[in-house]
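S.K.: This is the structure, below, for whatever I ask next.
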Amino acid sequence: MPKLSVCIPVEPGHGLPTYLIRELLKNDAADLEIILSTFGNRLQDALDITEIAERDTRLRLLPPAPDNISAGQLWVGTVAAAQGDWVTLIYPEDMIEPDLPALLTYLEKEQPKADALGWNAFQISPSTPRYVPSNVAVPVLHNVTAYDKAPMLEAFFYWKGAQQTPRMPFGLFHGAIKRSLVETILGNCGELSWLTLLPHYEWSARVLIFADALALSNRPLSACNVEPFRPHYVPSAIENFPLHSGIGITAAIAEIQVRTLAELGSEWAGFGEDFVTACLYDCASEHNPSAFQAKAEAYRKALLAMPGGAAFVAGFQPPYSATPPSDARRGLFGKILLVDRFIGNAVTAQEFYAVMRAMLTPIEVIVSGGAVVDLSKKKK
(Lines give C-alpha, C1' and ligand atoms only; values in the text may rest on other atoms or scores of the structure.)
Protein backbone atom coordinates (compact mmCIF):
# COMPACT_ATOMS: atom_id res chain seq x y z
CA MET A 1 0.00 0.00 0.00
CA PRO A 2 1.57 3.35 -1.02
CA LYS A 3 1.93 6.19 1.45
CA LEU A 4 0.18 8.69 -0.84
CA SER A 5 -2.39 8.53 -3.63
CA VAL A 6 -2.31 11.54 -5.96
CA CYS A 7 -5.67 11.71 -7.72
CA ILE A 8 -5.83 13.61 -11.02
CA PRO A 9 -9.33 13.89 -12.52
CA VAL A 10 -9.22 15.31 -16.05
CA GLU A 11 -12.36 17.38 -16.56
CA PRO A 12 -13.45 19.05 -19.82
CA GLY A 13 -11.21 21.99 -20.63
CA HIS A 14 -8.14 20.47 -18.99
CA GLY A 15 -5.19 18.93 -20.78
CA LEU A 16 -3.62 15.58 -19.97
CA PRO A 17 -1.07 15.68 -17.12
CA THR A 18 2.00 14.31 -18.92
CA TYR A 19 4.47 16.74 -17.32
CA LEU A 20 2.94 16.33 -13.87
CA ILE A 21 3.10 12.53 -14.05
CA ARG A 22 6.72 12.54 -15.17
CA GLU A 23 7.77 14.91 -12.39
CA LEU A 24 6.04 12.88 -9.68
CA LEU A 25 7.53 9.59 -10.89
CA LYS A 26 11.10 10.85 -11.42
CA ASN A 27 12.14 9.43 -8.06
CA ASP A 28 11.89 5.64 -8.33
CA ALA A 29 11.75 5.41 -4.54
CA ALA A 30 8.82 7.82 -4.11
CA ASP A 31 6.16 5.97 -2.12
CA LEU A 32 3.13 7.12 -4.08
CA GLU A 33 0.61 6.16 -6.70
CA ILE A 34 -1.09 8.33 -9.30
CA ILE A 35 -4.76 7.73 -10.07
CA LEU A 36 -5.71 9.25 -13.43
CA SER A 37 -9.34 9.50 -14.51
CA THR A 38 -10.88 11.01 -17.63
CA PHE A 39 -14.20 11.30 -19.39
CA GLY A 40 -14.52 9.22 -22.55
CA ASN A 41 -11.53 7.76 -24.42
CA ARG A 42 -9.10 10.65 -23.99
CA LEU A 43 -6.26 8.27 -23.14
CA GLN A 44 -6.72 6.13 -26.23
CA ASP A 45 -4.15 8.07 -28.26
CA ALA A 46 -2.08 9.39 -25.33
CA LEU A 47 0.86 7.07 -25.96
CA ASP A 48 3.23 9.07 -23.73
CA ILE A 49 0.98 8.39 -20.72
CA THR A 50 0.02 4.79 -21.53
CA GLU A 51 3.69 3.91 -22.05
CA ILE A 52 4.53 5.28 -18.60
CA ALA A 53 1.71 3.20 -17.08
CA GLU A 54 3.05 0.07 -18.75
CA ARG A 55 6.53 0.43 -17.23
CA ASP A 56 5.66 2.05 -13.86
CA THR A 57 2.85 0.44 -11.89
CA ARG A 58 2.59 3.53 -9.68
CA LEU A 59 0.53 5.14 -12.47
CA ARG A 60 -2.99 3.70 -12.59
CA LEU A 61 -5.36 4.61 -15.40
CA LEU A 62 -9.04 4.27 -14.53
CA PRO A 63 -11.63 3.15 -17.10
CA PRO A 64 -13.33 6.03 -18.97
CA ALA A 65 -15.89 7.83 -16.83
CA PRO A 66 -19.44 8.20 -18.22
CA ASP A 67 -20.02 11.53 -19.92
CA ASN A 68 -23.20 12.18 -17.94
CA ILE A 69 -21.67 12.36 -14.44
CA SER A 70 -20.68 15.59 -12.69
CA ALA A 71 -17.22 16.79 -11.73
CA GLY A 72 -18.03 15.99 -8.10
CA GLN A 73 -18.97 12.42 -9.01
CA LEU A 74 -15.76 12.07 -11.06
CA TRP A 75 -13.80 13.16 -7.99
CA VAL A 76 -15.57 10.62 -5.77
CA GLY A 77 -14.94 7.79 -8.22
CA THR A 78 -11.28 8.73 -8.53
CA VAL A 79 -10.78 8.95 -4.77
CA ALA A 80 -12.63 5.67 -4.19
CA ALA A 81 -10.03 3.91 -6.36
CA ALA A 82 -7.09 5.25 -4.31
CA GLN A 83 -5.18 2.74 -2.19
CA GLY A 84 -2.76 5.02 -0.33
CA ASP A 85 -2.59 5.72 3.39
CA TRP A 86 -3.15 9.38 2.46
CA VAL A 87 -5.03 10.90 -0.46
CA THR A 88 -4.74 14.22 -2.28
CA LEU A 89 -6.28 15.59 -5.47
CA ILE A 90 -4.98 18.13 -7.98
CA TYR A 91 -5.67 19.16 -11.57
CA PRO A 92 -3.42 18.40 -14.57
CA GLU A 93 -2.01 21.94 -14.77
CA ASP A 94 -1.10 22.01 -11.05
CA MET A 95 2.06 20.85 -9.30
CA ILE A 96 2.52 19.10 -5.97
CA GLU A 97 5.64 18.31 -3.96
CA PRO A 98 7.07 14.98 -5.21
CA ASP A 99 8.57 14.28 -1.75
CA LEU A 100 5.23 14.72 0.04
CA PRO A 101 5.08 10.99 0.99
CA ALA A 102 8.20 11.42 3.14
CA LEU A 103 6.64 14.38 4.93
CA LEU A 104 3.49 12.34 5.61
CA THR A 105 5.58 9.54 7.14
CA TYR A 106 7.21 12.17 9.36
CA LEU A 107 3.81 13.61 10.30
CA GLU A 108 2.51 10.20 11.36
CA LYS A 109 5.37 9.94 13.86
CA GLU A 110 5.20 13.51 15.14
CA GLN A 111 1.40 13.95 15.18
CA PRO A 112 -0.18 10.50 15.04
CA LYS A 113 -3.72 11.82 15.60
CA ALA A 114 -3.63 14.19 12.63
CA ASP A 115 -5.80 13.00 9.74
CA ALA A 116 -5.73 16.16 7.61
CA LEU A 117 -2.63 18.04 6.46
CA GLY A 118 -3.10 21.47 4.96
CA TRP A 119 -0.88 24.13 3.46
CA ASN A 120 -1.25 27.37 1.52
CA ALA A 121 -0.72 26.42 -2.11
CA PHE A 122 0.74 29.03 -4.44
CA GLN A 123 -2.14 30.49 -6.47
CA ILE A 124 -0.82 31.07 -9.97
CA SER A 125 -2.88 32.39 -12.87
CA PRO A 126 -1.14 32.06 -16.24
CA SER A 127 -3.24 34.95 -17.54
CA THR A 128 -1.86 37.45 -14.99
CA PRO A 129 -0.80 40.56 -16.95
CA ARG A 130 2.92 41.24 -16.74
CA TYR A 131 2.40 45.00 -16.96
CA VAL A 132 0.68 45.03 -13.55
CA PRO A 133 3.27 44.61 -10.75
CA SER A 134 2.32 41.69 -8.50
CA ASN A 135 3.95 39.35 -6.03
CA VAL A 136 3.56 35.97 -4.39
CA ALA A 137 3.99 35.41 -0.65
CA VAL A 138 6.50 32.71 0.32
CA PRO A 139 6.56 31.74 4.02
CA VAL A 140 10.00 31.69 5.63
CA LEU A 141 8.93 29.07 8.19
CA HIS A 142 8.91 25.42 7.17
CA ASN A 143 7.66 23.58 10.26
CA VAL A 144 4.50 21.46 10.56
CA THR A 145 2.23 22.42 13.47
CA ALA A 146 -0.99 21.17 15.01
CA TYR A 147 -3.91 23.45 14.21
CA ASP A 148 -7.09 23.98 16.22
CA LYS A 149 -10.37 23.30 14.41
CA ALA A 150 -12.30 26.12 16.11
CA PRO A 151 -10.71 29.04 14.22
CA MET A 152 -10.94 27.06 10.99
CA LEU A 153 -14.66 26.52 11.49
CA GLU A 154 -15.05 30.27 11.99
CA ALA A 155 -12.91 31.07 8.98
CA PHE A 156 -14.78 28.71 6.67
CA PHE A 157 -18.42 28.59 7.74
CA TYR A 158 -18.61 32.09 9.26
CA TRP A 159 -16.31 33.75 6.68
CA LYS A 160 -14.19 35.37 9.38
CA GLY A 161 -11.33 37.28 7.75
CA ALA A 162 -12.37 36.08 4.28
CA GLN A 163 -11.86 37.94 1.06
CA GLN A 164 -13.44 36.46 -2.07
CA THR A 165 -13.22 32.93 -0.62
CA PRO A 166 -12.79 31.63 2.94
CA ARG A 167 -9.27 31.39 4.39
CA MET A 168 -9.14 27.65 4.99
CA PRO A 169 -6.24 25.54 3.67
CA PHE A 170 -7.59 22.11 4.62
CA GLY A 171 -9.32 19.71 2.27
CA LEU A 172 -8.74 17.10 -0.41
CA PHE A 173 -7.81 19.56 -3.19
CA HIS A 174 -4.21 20.67 -2.57
CA GLY A 175 -4.36 19.04 0.84
CA ALA A 176 -3.76 15.51 2.13
CA ILE A 177 -6.22 13.47 4.17
CA LYS A 178 -5.95 10.02 5.71
CA ARG A 179 -7.74 7.08 4.17
CA SER A 180 -9.86 6.72 7.34
CA LEU A 181 -11.13 10.30 6.86
CA VAL A 182 -11.88 9.62 3.18
CA GLU A 183 -13.96 6.61 4.18
CA THR A 184 -15.80 8.60 6.85
CA ILE A 185 -16.67 11.36 4.37
CA LEU A 186 -17.81 8.98 1.63
CA GLY A 187 -19.79 7.02 4.21
CA ASN A 188 -21.74 10.13 5.16
CA CYS A 189 -22.84 11.16 1.68
CA GLY A 190 -26.51 11.51 0.81
CA GLU A 191 -28.86 12.92 -1.79
CA LEU A 192 -27.58 16.46 -1.23
CA SER A 193 -23.90 15.56 -1.75
CA TRP A 194 -21.67 16.83 -4.58
CA LEU A 195 -24.38 18.88 -6.33
CA THR A 196 -21.91 21.62 -7.19
CA LEU A 197 -19.55 22.99 -9.82
CA LEU A 198 -16.94 23.35 -7.07
CA PRO A 199 -16.27 19.97 -5.39
CA HIS A 200 -13.06 21.58 -4.07
CA TYR A 201 -15.04 23.51 -1.47
CA GLU A 202 -17.46 20.73 -0.62
CA TRP A 203 -14.52 18.47 0.24
CA SER A 204 -13.10 21.30 2.37
CA ALA A 205 -16.38 21.57 4.26
CA ARG A 206 -16.58 17.84 4.89
CA VAL A 207 -12.91 17.49 5.82
CA LEU A 208 -13.28 20.28 8.35
CA ILE A 209 -16.41 18.75 9.86
CA PHE A 210 -15.19 15.15 10.11
CA ALA A 211 -11.44 15.51 10.73
CA ASP A 212 -10.19 14.48 14.16
CA ALA A 213 -7.04 16.64 14.13
CA LEU A 214 -5.53 19.16 11.71
CA ALA A 215 -1.87 19.75 10.89
CA LEU A 216 -0.55 22.74 8.93
CA SER A 217 2.65 22.82 6.90
CA ASN A 218 4.04 26.34 6.87
CA ARG A 219 6.09 25.35 3.82
CA PRO A 220 3.92 25.45 0.68
CA LEU A 221 3.66 22.01 -0.88
CA SER A 222 1.98 22.73 -4.20
CA ALA A 223 1.07 25.32 -6.81
CA CYS A 224 -2.46 25.66 -8.14
CA ASN A 225 -3.29 26.79 -11.66
CA VAL A 226 -5.96 29.45 -11.12
CA GLU A 227 -8.54 30.33 -13.73
CA PRO A 228 -11.32 32.90 -13.21
CA PHE A 229 -14.56 31.34 -11.99
CA ARG A 230 -17.20 31.51 -14.69
CA PRO A 231 -20.67 31.85 -13.17
CA HIS A 232 -22.98 29.07 -14.31
CA TYR A 233 -26.35 28.53 -12.75
CA VAL A 234 -26.89 25.26 -10.92
CA PRO A 235 -30.14 25.37 -8.90
CA SER A 236 -29.72 24.73 -5.21
CA ALA A 237 -31.24 21.62 -3.70
CA ILE A 238 -32.22 23.86 -0.78
CA GLU A 239 -35.63 25.28 -1.58
CA ASN A 240 -35.71 29.05 -2.21
CA PHE A 241 -32.04 29.58 -1.30
CA PRO A 242 -31.03 32.65 -3.36
CA LEU A 243 -27.24 32.23 -3.39
CA HIS A 244 -25.93 30.00 -6.17
CA SER A 245 -23.12 29.47 -8.68
CA GLY A 246 -24.87 31.60 -11.30
CA ILE A 247 -23.89 34.71 -9.31
CA GLY A 248 -20.24 34.13 -8.45
CA ILE A 249 -17.78 31.97 -6.55
CA THR A 250 -18.63 33.47 -3.13
CA ALA A 251 -22.32 32.69 -3.59
CA ALA A 252 -21.47 29.20 -4.90
CA ILE A 253 -19.46 28.42 -1.75
CA ALA A 254 -22.30 29.65 0.46
CA GLU A 255 -24.66 27.26 -1.33
CA ILE A 256 -22.22 24.41 -0.70
CA GLN A 257 -22.04 25.30 2.97
CA VAL A 258 -25.78 25.50 3.52
CA ARG A 259 -26.43 22.28 1.60
CA THR A 260 -23.65 20.31 3.31
CA LEU A 261 -24.79 21.41 6.76
CA ALA A 262 -28.45 20.72 5.92
CA GLU A 263 -27.57 17.17 4.94
CA LEU A 264 -25.93 16.72 8.34
CA GLY A 265 -28.89 18.21 10.19
CA SER A 266 -27.40 21.65 10.92
CA GLU A 267 -28.22 25.18 9.83
CA TRP A 268 -25.89 27.65 8.12
CA ALA A 269 -25.20 30.68 10.32
CA GLY A 270 -22.58 32.27 8.11
CA PHE A 271 -24.72 35.04 6.64
CA GLY A 272 -23.58 38.35 8.08
CA GLU A 273 -21.16 41.23 7.65
CA ASP A 274 -18.11 39.05 6.93
CA PHE A 275 -19.93 37.15 4.19
CA VAL A 276 -21.27 40.34 2.62
CA THR A 277 -17.72 41.74 2.60
CA ALA A 278 -16.62 38.60 0.72
CA CYS A 279 -19.37 39.31 -1.84
CA LEU A 280 -17.88 42.79 -2.30
CA TYR A 281 -14.49 41.22 -3.01
CA ASP A 282 -16.11 38.86 -5.52
CA CYS A 283 -17.61 41.78 -7.39
CA ALA A 284 -14.31 43.69 -7.29
CA SER A 285 -12.59 40.75 -9.00
CA GLU A 286 -14.48 41.60 -12.19
CA HIS A 287 -12.59 44.01 -14.44
CA ASN A 288 -15.10 44.05 -17.28
CA PRO A 289 -17.66 46.81 -16.61
CA SER A 290 -20.72 44.91 -17.84
CA ALA A 291 -19.76 41.72 -16.00
CA PHE A 292 -19.07 43.77 -12.85
CA GLN A 293 -22.44 45.49 -13.02
CA ALA A 294 -24.30 42.22 -13.63
CA LYS A 295 -22.59 40.51 -10.70
CA ALA A 296 -23.19 43.43 -8.33
CA GLU A 297 -26.90 43.53 -9.22
CA ALA A 298 -27.20 39.75 -8.82
CA TYR A 299 -25.66 39.95 -5.35
CA ARG A 300 -27.95 42.82 -4.33
CA LYS A 301 -30.96 40.80 -5.42
CA ALA A 302 -29.75 37.72 -3.54
CA LEU A 303 -28.95 39.71 -0.38
CA LEU A 304 -32.46 41.18 -0.37
CA ALA A 305 -33.86 37.65 -0.51
CA MET A 306 -31.86 36.55 2.56
CA PRO A 307 -33.33 36.96 6.06
CA GLY A 308 -31.97 40.27 7.35
CA GLY A 309 -30.28 40.95 4.05
CA ALA A 310 -32.00 44.29 3.45
CA ALA A 311 -29.83 45.83 6.18
CA PHE A 312 -26.72 45.23 4.04
CA VAL A 313 -27.97 46.35 0.65
CA ALA A 314 -27.69 50.12 1.15
CA GLY A 315 -24.00 49.78 1.99
CA PHE A 316 -23.29 47.23 -0.71
CA GLN A 317 -21.22 49.39 -3.04
CA PRO A 318 -18.42 47.26 -4.50
CA PRO A 319 -15.52 49.23 -6.02
CA TYR A 320 -14.77 48.84 -9.71
CA SER A 321 -11.34 48.83 -11.34
CA ALA A 322 -10.56 48.17 -15.00
CA THR A 323 -7.26 46.49 -14.06
CA PRO A 324 -6.19 44.12 -11.28
CA PRO A 325 -4.65 45.82 -8.21
CA SER A 326 -0.87 46.23 -8.38
CA ASP A 327 1.64 45.45 -5.64
CA ALA A 328 5.30 46.29 -6.27
CA ARG A 329 6.55 45.16 -2.84
CA ARG A 330 9.42 42.72 -2.80
CA GLY A 331 11.61 41.26 -0.08
CA LEU A 332 11.21 40.08 3.51
CA PHE A 333 8.22 41.29 5.53
CA GLY A 334 8.24 39.58 8.91
CA LYS A 335 8.04 35.85 8.22
CA ILE A 336 6.94 36.28 4.60
CA LEU A 337 9.15 36.75 1.55
CA LEU A 338 7.43 38.59 -1.29
CA VAL A 339 8.76 37.54 -4.69
CA ASP A 340 7.91 38.72 -8.16
CA ARG A 341 4.98 36.83 -9.68
CA PHE A 342 7.11 36.04 -12.73
CA ILE A 343 10.28 35.13 -10.86
CA GLY A 344 12.55 33.00 -13.04
CA ASN A 345 10.25 33.85 -15.97
CA ALA A 346 7.71 31.39 -14.54
CA VAL A 347 4.30 31.78 -16.15
CA THR A 348 2.43 28.58 -15.25
CA ALA A 349 1.87 27.01 -11.84
CA GLN A 350 4.21 24.16 -12.71
CA GLU A 351 6.98 26.54 -13.78
CA PHE A 352 6.50 28.64 -10.65
CA TYR A 353 6.74 25.63 -8.34
CA ALA A 354 9.90 24.47 -10.09
CA VAL A 355 11.51 27.85 -9.28
CA MET A 356 10.21 27.89 -5.73
CA ARG A 357 11.35 24.34 -5.03
CA ALA A 358 14.93 25.50 -5.55
CA MET A 359 14.35 28.11 -2.80
CA LEU A 360 12.15 26.26 -0.31
CA THR A 361 13.49 24.09 2.49
CA PRO A 362 13.93 20.54 1.13
CA ILE A 363 11.58 17.97 2.62
CA GLU A 364 14.54 15.81 3.62
CA VAL A 365 15.80 18.65 5.83
CA ILE A 366 12.40 19.06 7.47
CA VAL A 367 11.94 15.37 8.26
CA SER A 368 15.48 15.05 9.59
CA GLY A 369 15.06 18.01 11.94
CA GLY A 370 17.81 19.97 10.18
CA ALA A 371 18.25 23.58 11.18
CA VAL A 372 17.69 26.43 8.77
CA VAL A 373 19.33 29.82 9.31
CA ASP A 374 16.87 32.66 9.86
CA LEU A 375 18.31 35.47 7.74
CA SER A 376 15.96 38.00 9.36
CA LYS A 377 17.95 37.74 12.63
CA LYS A 378 21.18 39.69 12.39
CA LYS A 379 24.20 38.59 14.37
CA LYS A 380 25.20 40.93 17.15
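The values are calculated or read from the model by the stated rules, or taken from the named source; none is laboratory data. Since the model is a prediction, treat every value here as computed from it, not as a measurement. Note that each Cβ is placed from the backbone with ideal geometry, even for glycine, and that neighbours are counted across all protein chains shown. Heavy atoms of the whole protein, side chains included, go into the accessibility calculation; ligands, DNA and RNA do not. Shrake-Rupley method; radii C 1.70, N 1.55, O 1.52, S 1.80 Å.
S.K.: According to a simple spin-label model (label point 7 Å from Cα along Cα-to-Cβ), what is the distance in nm between Val347 and Lys26?
M.R.: 2.1
S.K.: Which whole-number percent is the relative contact order of region 94-249 (Cα, under 8 Å, 6+ apart)?
M.R.: On the way: 219 pairs, mean separation 62.1, N = 156.
Value for region 94-249: 40 percent.
S.K.: Which of Asn68, Asn218, Asn345 ends up with the largest GNM mean-square fluctuation for the chain, with Cα atoms connected below 10 Å?
M.R.: Ranking Asn68, Asn218, Asn345 by mean-square fluctuation puts Asn68 first.
S.K.: Kindly provide the Kirkwood hydrodynamic radius of the chain in Å, to one decimal, from all pairs of distinct alpha carbon atoms. Each step should come with its number before you reach the end.
M.R.: Details: mean 1/r = 0.0456 Å⁻¹.
Kirkwood hydrodynamic radius for the chain: 21.9 Å.
S.K.: Round to a whole angstrom and tell me the spacing of the C-alpha centers of region 75-128 and region 1-19.
M.R.: Each part reduced to its Cα centre gives a spacing of 12 Å.
S.K.: Using the Cα centre of region 288-361 as the reference point, and only Cβ charges (+1 on K/R, -1 on D/E), how large is the resulting charge dipole? Debye, rounded to the nearest 20. Please report the intermediate quantities before stating the final value.
M.R.: Numbers: 8 positive and 4 negative charges, 27 e Å.
Its charge dipole is roughly 140 debye.
S.K.: Full extension from Arg130 to Ala237: what is 0.36 nm times the residue separation minus their Cα-Cα distance, to one decimal in nm?
M.R.: Numbers: separation 107, 0.36 × 107 = 38.52 nm, distance 4.15 nm.
Using 0.36 nm per residue and subtracting the Cα-Cα distance, I get 34.4 nm.
S.K.: Calculate the dipole size of region 249-315 relative to its Cα centre from +1 charges on Lys and Arg beta carbons and -1 charges on Asp and Glu beta carbons; express the result in debye to the nearest 20. Could you put the intermediate results ahead of the total?
M.R.: Values: 4 positive and 8 negative charges, 39 e Å.
The calculated dipole for region 249-315 is roughly 180 debye.
S.K.: Summing -39500 (n - 2.57) over the DSSP H runs of n ≥ 4 in the chain and dividing by its residue number, what mean residue ellipticity at 222 nm do you reach, to the nearest 500 deg cm²/dmol?
M.R.: Details: 13 runs with 129 residues, N = 380.
Taken over the chain, the calculation gives -10000 deg cm²/dmol.
S.K.: Still on this structure, I have one more. Considering only Asn41, Phe352, Gly84, whose Cα is most displaced toward the positive end of the charge dipole of the chain, charges sitting on Cβ of Lys, Arg (+1) and Asp, Glu (-1)?
M.R.: The listed residue farthest towards the positive side: Phe352.
S.K.: Now a separate question. Over region 249-315, what is the mean sequence separation of C-alpha contacts under 8 Å (at least six apart), divided by residue count, expressed as relative contact order in percent? Could the numbers behind the result be given before it?
M.R.: Numbers: 26 pairs, mean separation 15.5, N = 67.
Rounded, it is 23 percent for region 249-315.
S.K.: Still on this model: Quick one: among Gln257, Gln123, Gln44, which has the greatest mean-square fluctuation in a GNM of the chain with alpha-carbon springs under 10 angstrom?
M.R.: Looking only at Gln257, Gln123, Gln44, the largest GNM fluctuation is found for Gln44.
S.K.: Still on this structure: Kindly state, to the nearest 0.05, the FRET efficiency for Asn188 paired with Gln83, given R0 = 22 Å and r defined as their beta-carbon distance. The partial results should precede the final answer.
M.R.: Details: r = 21 Å, r/R0 = 0.96.
In this case the efficiency is close to 0.55.
S.K.: In nm, to one decimal, how far is the Gln293 label point from the Arg230 one, both placed 7 Å along Cα→Cβ?
M.R.: Going from the Gln293 label point to the Arg230 one covers 2.3 nm.
S.K.: With unit charges on the beta carbon (Lys/Arg positive, Asp/Glu negative), name the residue among Gly334, Ala254, Leu197 whose Cα is farthest towards the positive pole of the charge dipole of the chain.
M.R.: Gly334
S.K.: Still on this structure: Compute the Rg to Rh ratio over region 248-361 from the alpha carbon atoms, using the Kirkwood formula for Rh, and round to two decimal places. Present the calculation step by step, with values, prior to reporting the outcome.
M.R.: On the way: Rg = 19.0 Å, Rh = 17.3 Å.
Over the Cα atoms of region 248-361, Rg/Rh equals 1.10.
S.K.: Computed FRET efficiency, Cβ-Cβ of Leu141 and Ala213, R0 22 Å: what is it to the nearest 0.05? It would help to have the intermediate numbers written out before the result.
M.R.: Values: r = 20 Å, r/R0 = 0.91.
Calculated transfer efficiency: 0.65.
S.K.: Give me the extension gain from Ile69 to Gln123: residue separation times 0.36 nm, minus the current Cα-Cα distance, reported in nm with one decimal.
M.R.: Result: 16.7 nm gained on full extension.
S.K.: Report the label-to-label distance for Ala311 and Ala150 in nanometres (one decimal), using points 7 Å from each Cα along the Cα→Cβ vector.
M.R.: So the two model labels end up 2.5 nm from each other.
S.K.: Can you give me the relative contact order of the chain as a percent, contacts being Cα pairs under 8 Å and 6 or more apart? Intermediate values should be presented prior to the final figure.
M.R.: Values: 662 pairs, mean separation 75.8, N = 380.
Value for the chain: 20 percent.
S.K.: Taking the Cα centre of the chain as origin, sum charge times position over the Cβ atoms of Lys and Arg (+1) and Asp and Glu (-1), and report the length of that vector in debye to the nearest 20.
M.R.: Here the chain has a charge dipole of around 1300 debye.
S.K.: For region 249-315, what percent of Cα pairs sit more than 15 Å apart? Spell out each step's value before the answer.
M.R.: Numbers: 1208 of 2211 pairs.
Result: 55 percent of Cα pairs exceed 15 Å.
S.K.: Anyone know which of Phe156, Phe173, Phe271 comes out most mobile in the 10 Å Cα GNM of the chain?
M.R.: Phe271
S.K.: Would you mind checking the pairs Lys113/Lys149; Lys26/Lys178; Lys178/Lys335; Lys109/Lys178; Lys3/Lys113 and listing those with alpha carbons more than 20 angstrom apart?
M.R.: On the way: Lys113/Lys149 13 Å; Lys26/Lys178 24 Å; Lys178/Lys335 29 Å; Lys109/Lys178 14 Å; Lys3/Lys113 16 Å.
Lys26/Lys178; Lys178/Lys335, as the Cα separations exceed 20 Å there.
S.K.: Quick one: how many Å² of Lys160 are accessible to a 1.4 Å probe, rounded to 10?
M.R.: Estimated to the nearest 10 Å², Lys160 gives 120 Å².
S.K.: Work from the charge dipole of the chain (Cβ charges, +1 for Lys and Arg, -1 for Asp and Glu, about the Cα centre) and give the residue of Pro319, Phe229, Tyr158 farthest towards its positive end.
M.R.: Checked the options; the winner is Pro319.
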